[in-house]
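Reviewing the structure listed below.
The values are calculated or read from the model by the stated rules, or taken from the named source; none is laboratory data. Keep in mind the model is a prediction, meaning the values are calculated, not measured. Here Cβ is always computed from backbone atoms with ideal geometry, including for glycine, and neighbour counts include all displayed protein chains. Quick note on the areas: whole protein, heavy atoms, side chains included, nothing else; ligands and nucleic acids left out. Shrake-Rupley method; radii C 1.70, N 1.55, O 1.52, S 1.80 Å.
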Amino acid sequence: MSLIPSFFGGRRTNVFDPFSLDLYDPFEGFLTPSGMTNATSKDVAAFTNAKVDWRETPEAHVFKADLPGLKKEEVKVEVEDGNILQISGERSSENEEKSDKWHRVERSSGKFMRRFKLPENAKIDEVKACMENGVLSVMVPKVPERKPEVKSIDISG
């Protein structure tokens, strides 16, 4: 649930989340390509800003991204600068035949990229990703918390 949904176009991003690198674009949807309705441009923006859930378990940070219609070969998962998780990809538009008559174009195409700053407890060398039924899952294991070593001292006397 967004804290301020009406000001930021209904996005689920929490404006107070220090780990989110999403930027508010005040010009988003301002200019629409000729022949496109506002609904279509919003659909394109919805794919361009792929929806990602990030949850933290005791063992790992788990990211799930909805990427319907994409194959794993069309998606890249990278770690930049040692602590930035980047999920990107591209959906190609369908080839247009001159004999085709389009009645409606609602499925979006284009590039997308999401970036997340990982906390210090992330094990960058052990990141794993898998894709199933259009959902990309990225698991970033966490460094186990170090428990303080306790040593008993005998009391003499």
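Checking the Cα-Cα distances for Lys76/Lys117; Lys117/Lys142; Lys72/Lys101 against a 24 Å cut-off, the pairs over it are Lys72/Lys101.
The order of Lys117, Lys147, Lys72, Lys142 by accessible area, most exposed first and with a 1.4 Å probe, is Lys147, Lys72, Lys117, Lys142.
Give me the lysines in straight-line cross-link reach of Lys71: C-alpha distance below 22 Å, same-chain residues under 8 apart excluded. The qualifying lysines are Lys51, Lys111, Lys128. Note on Lys123: accessible area approximately 60 square angstrom, rounded to 10, probe 1.4 Å, nucleic acids and ligands left out.
Please identify every one of the GluC sites (Glu not before Pro) in segment 60-156 that sits in a loop by DSSP and has no more than 15 other beta carbons within 10 Å of its own beta carbon.
Details: sites: Glu73, Glu74, Glu78, Glu80, Glu90, Glu94, Glu96, Glu97, Glu106, Glu120, Glu126, Glu132, Glu145, Glu149; in loops: Glu94, Glu96, Glu97, Glu106, Glu120, Glu145, Glu149.
Those that pass, being in a loop and sparsely packed, are Glu94, Glu96, Glu97, Glu106, Glu120, Glu145, Glu149.
Close amide H contacts of Ser109 (hydrogens built in the peptide plane, cut-off under 5 Å, sequence separation of 5 or more or a different chain): none are found.
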